[in-house]
1. Once you list every other residue whose beta carbon is under 15 Å from the beta carbon of residue 93, what net charge do they have if Lys and Arg are +1 and Asp and Glu are -1?
2. Three principal axis extents, largest first, for the C-alpha atoms of region 1-86, in Å?
3. Hey, could you get me the Stokes-Einstein D for region 28-159, Kirkwood radius over alpha-carbon pairs, 4 °C and 1.567 mPa s, rounded to whole µm² s⁻¹?
4. Kindly give Rg over Rh for region 28-69, based on alpha-carbon atoms, with the Kirkwood expression for the hydrodynamic radius.
5. Sequence neighbours fewer than 8 away in the same chain don't count; with that in mind, list the lysines whose C-alpha is under 19 Å from residue 66.
6. Looking only at 176, 123, 156, which one moves most when the chain is put into a Gaussian network model with springs between Cα atoms under 10 Å?
7. Can you give me the convex hull volume of the Cα atoms of region 48-102, divided per residue and expressed in Å³?
8. Compute the distance in nm between two label points, each set 7 Å from the Cα along the Cα-to-Cβ direction, one at residue 119 and one at residue 138.
Amino acid sequence: MAGEIDDAIERADREGFTRQPPKTLQARINFLMKQLKTTRAVAEEIGVSQRSVERYRKGERKHPPKAIAERIDAAVRARWQPQVRKRRQRQAATTGGITVETRARFGYTAPIGTTDDGRFRRLTVHLPPQYAQRLFDARQAGAGDQQMRQIIAEGLKDIYFQDGGARAMGLSDVTLNDIDYLDLDY
């Protein structure tokens, strides 16, 4: 099951499409056929019989059940415009950085005499390219949601809480918990 950070990266990728994916069921199935090569592979990917894929492809069946239509849509979007996705991620990781918008509970370890009580904050912060690179590398390596949260939390600590080293130098171990929503843009 994909985590919140993984879902946010997927949404950001979809927003970068230069063309919309195929709209009709027949066009979507044909696109999957070009990608996966056989009706058997398409059938396994979307969880239907091989014969159902043939019917969808010929246009004999135009309205699959909602759950199957959602799986077809997800399979198409996951394979749509891979070069555009790679180019946008490479740009974010080298020059552009990544913008994190979230409402979550932030906790942290702070020096004695200051409050370290976690509280909900709504933040929109632009993180430098090195954090985008770390996030994409972690995702590529199959990192869990908690590891990717930690990368974002480290970036927020550095850029937002410590203002790039100008304040709150005693602050350490920022954690990102109870995410209400999280959105990424690059």
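The values are calculated or read from the model by the stated rules, or taken from the named source; none is laboratory data. Note that this is a predicted model, so its numbers are computed, not measured. Glycine gets a Cβ as well: all are built from the backbone with ideal geometry, and neighbour counts include every protein chain shown. In case anyone asks, the SASA skips ligands and DNA or RNA and just uses the protein heavy atoms, side chains included. Shrake-Rupley method; radii C 1.70, N 1.55, O 1.52, S 1.80 Å.
1. Working: positive: 85, 86, 87, 88, 90, 134, 139; negative: 13, 137, 185.
Result for the local shell: +4.
2. In descending order, the Cα extents are 36, 26, 21 Å.
3. Values: Rh = 18.2 Å.
In µm²/s, the coefficient is 71.
4. Values: Rg = 9.2 Å, Rh = 10.1 Å.
Value, to two decimals: 0.91.
5. 23
6. Comparing 176, 123, 156 in the GNM, the peak value goes to 123.
7. Working: hull volume 6.8 nm³, N = 55.
In region 48-102, the Cα hull volume divided by residue count equals 124 Å³.
8. Label-label distance for residue 119 and residue 138, simple model: 2.6 nm.
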